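Below: one structure, written as C-alpha cells.
The values are calculated or read from the model by the stated rules, or taken from the named source; none is laboratory data. Computed from a prediction, not measured in an experiment: that's the story for all the values here. Don't worry about glycine lacking a Cβ; one is built from the backbone with ideal geometry, like all the others, and counts go over all protein chains shown. Accessible surface areas use protein heavy atoms only, side chains included; no ligands, DNA or RNA. Shrake-Rupley method; radii C 1.70, N 1.55, O 1.52, S 1.80 Å.
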Amino acid sequence: MTTVNKPSKEPTQSTVCAQMESSMTDGNSRCESPKRGTTLSTSTSSFEALDPHDPNLSRLANTMFQKTGEYLQEELTATHADYRLLERLNKETIAKYTELKTISSNVSISLDSLNEKYKNLRPILENIDQIDDSVNKLEQAAYKLEAYSKRLEAKFKDLEKDLKKNENLHVLKQCIDNVTKGNVMTGNKPTL
C-alpha cells in the first residue's frame, strides 16, 4: 500500500495505522494495543498509571505533539515577524506624516506671509494700474498731438507757399504800382 503524504494536512488515522504497522516487529494485528483493543479511546478515565501502553502509539503521539508544537511555534514566529514589520511600517509612516506636517505648516506660514505682503502691496499695485492707464491715455494723446502737428505743419507749409506767392504778388504789385506811378509822374503810359 502506498500513501501520499501532503505536507499541509495532518496525518489521518489510516496513515497513523500504516506507520504503526510498518514499525511493529511482533506481527500484532493492525492498530491494536497489547491488550487486544483499539488504541484510540474517547474516555480518559480508563487510564491507569500502571497499565502498559502501546509504545508505538506513545511514540507517535509524542511525535505528533512535537510536530504540532513546532508548527505552532513557527506560526507564532511568523505572526511576530509580521507584527514587527507592521510596527516598522507604522513608525516609518508616522515619520513621513510628521515630515509632511512640517512641510505643510511651513507652506501655510509662507502663504500667510505672502498674503500679508500682497495686502500691503495692493494699494501700490492699484496705483501702478492707475499710472498705467494714465500713461496709455497720455500715449494716445501724444499720437493725436503728433498727427495734429503734422497736419498743422502741412498747413503752415501751404500757407508759407501761399505767402511767398502773395509776397511775390505783393512785390510784383509794388513793382507795378511803382512802374505806374513812375509813368504817371513822367506822363508815359505803361506798356504791357
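Which of K137/K161; K157/K181; K137/K164; K117/K137 have a Cα-Cα distance over 32 Å? Among K137/K161; K157/K181; K137/K164; K117/K137, the Cα-Cα distance tops 32 Å for K137/K161; K157/K181; K137/K164. Placing R0 at 30 angstrom, the Cβ-Cβ distance between Q66 and R88 gives a FRET efficiency of 0.35 after rounding to 0.05.
Placing pseudo-labels 7 Å out from each Cα toward the beta carbon at S110 and L159 gives an inter-label distance of 6.7 nm.
Counting heavy atoms of the protein chains only and a 1.4 Å probe, report the per residue accessible area for the stretch 94-163 as a whole number of Å².
So the stretch 94-163 comes to 94 Å² accessible per residue, rounded to a whole number.
Modelled label positions at D177 and V135, each set 7 Å beyond Cα in the direction of Cβ, lie 5.9 nm from each other. Just add up the charged neighbours of H170: K/R +1, D/E -1, any other residue whose Cβ is under 11 Å from the Cβ of H170. Its environment carries a net charge of +1. Taking label positions 7 Å along the Cα-Cβ direction at both T98 and L169, the computed distance is 10.3 nm, reported to one decimal.
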